[in-house]
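To start, the structure under review is shown below, and the notes come after it.
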Amino acid sequence: MKKHFSNPNKLALNNAVLLSLFVMLILLLLKLVLPSDNSWITVAIAGILVFGASLFIFRYTLKKFIYEKIRLIYKSIRHNKIARGNDKVIIKGDTIESVYEEALEWGEKKSREIEELKQMAKYRREFLGNVSHELKTPIFNIQGYVLTLLDGGLEDPSINKEYLLRTEKSINRMIAIVEDLETISQLESGELQLNLKKIDLLALARDVAEFMEIKAKKRNNTIYFGDDYEKPVYVTADKERLREVLINLVDNSLKYGNQECGKTKISFFDMDEHILVEVTDNGNGIEAAELNRIFERFYRTDKGRSREQGGSGLGLAIVKHIIEAHDQTINVRSAPGLGTTFAFTMRKA
């Protein structure tokens, strides 16, 4: 319930009137006791003087000991809000009431900030746990392979090369994780500068499809385009970073598409000043509850995105950061059994 405070000027006036009336009552009683021809004039003048003196005394007292202290509290709250980057405070209505309302607003804002910090702390713990798990897996694998070789496997030609190749694979996975973490860190901090140029997005997509063709065949997948695009599709982008986006999205489609007869479709749509790019698979799809977290680092859904599929678990997070570094957006739509579509925009050149 909203609480109202009295106006300090009204409070002083009311008190002054009460005091004046009381004094005038005393003077009237004195007139009755000591009658005089000029007693009424004396009473009137005395009443006016007492009223003025009382008003001055009450205003001074209220301003000195109460109003000034409230103003100090108000200024402190306002200073804290402005110092934290809030918009300019607009004061409406009674000053004391404004202090009360802004104190409530300030308290609610701090409560929301505390909840956000708790949520960030939770994500931070999850992130550190995921990093630890992702790095421990290849480290333990390497340790096991090396110990096997040291225990005599190095002298056995039937296993030494195989274990060395497995060790190399685990080392490469660790390197990929570290490099991807470094890339995300640079993108988030703004240290990674984009080399924006006019490029043919269609030609780049065809190069990526050709590059991923061998991997697609191994997974019984087919990469194709949504239409017979003939004219170049020019956009302004960093060619190498955009190539990384397309490779990650196509690779994601190959991993989690239909394993018996997978299909990966790349489509382009003219959106006035932008080009909309879609990469669609015919896999198992993603549950609605998982979609909001699909671009988080190391986040994997329970069904489709298991660690057995390989990769650093950072591909989609990198994709999101690269697209946002271009001041563009990316989103995902999916449903269980209907496949998944990743869509992002690029500005036309």
Of the residues 192, 204, which is within 25 Å of residue 317 (Cα to Cα), more than 31 Å from the chain's Cα centre (by Cα) and among the hydrophobic types (A, V, I, L, M, F, W, C)? 204
Can you give me the number of residues within region 226-241 that are part of a helix (DSSP H, G or I) and in contact with a helix residue (DSSP H, G or I) (Cβ under 9 Å, 6 or more places away or on another chain)? 2
Using beta carbons and a limit of 9 Å, which pairs, at least six apart or on different chains, have the first residue in region 290-307 and under 12 Å from residue 334 (Cα atoms) and the second one at pLDDT below 50 and surrounded by 18 or more Cβ atoms within 10 Å (Cβ to Cβ)? 290/305; 294/305
Would you be able to tell me the number of residues in region 176-197 that are surrounded by 12 or more Cβ atoms within 10 Å (Cβ to Cβ) and modelled with pLDDT of 85 or more? 2
May I ask you to verify whether residue 149 is closer than 21 Å to residue 184 by Cα, free of Cβ contacts under 8 Å to residues at least 60 places away in the same chain and either surrounded by 11 or more Cβ atoms within 10 Å (Cβ to Cβ) or among the β-branched types (Val, Ile, Thr) (or both)? no
Can you find even one residue in region 279-300 that is among the aliphatic types (A, V, I, L, M) and modelled with pLDDT of 90 or more? yes
With the requirement that a residue be in contact (Cβ under 8 Å) with a residue 60 or more places away in the chain and among the hydrophobic types (A, V, I, L, M, F, W, C), what does region 197-225 give you? 199, 201, 202, 205
Determine whether residue 251 is assigned by TED's automatic domain parsing to the domain that holds residue 202 and part of a loop (DSSP other than H, G, I, E, B). no
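The values are calculated or read from the model by the stated rules, or taken from the named source; none is laboratory data. Just so we're clear, the structure is a prediction, and the values are computed from it rather than from any experiment. Cβ coordinates were reconstructed from backbone atoms using ideal geometry, including for glycine residues, and neighbour counts include every protein chain displayed.
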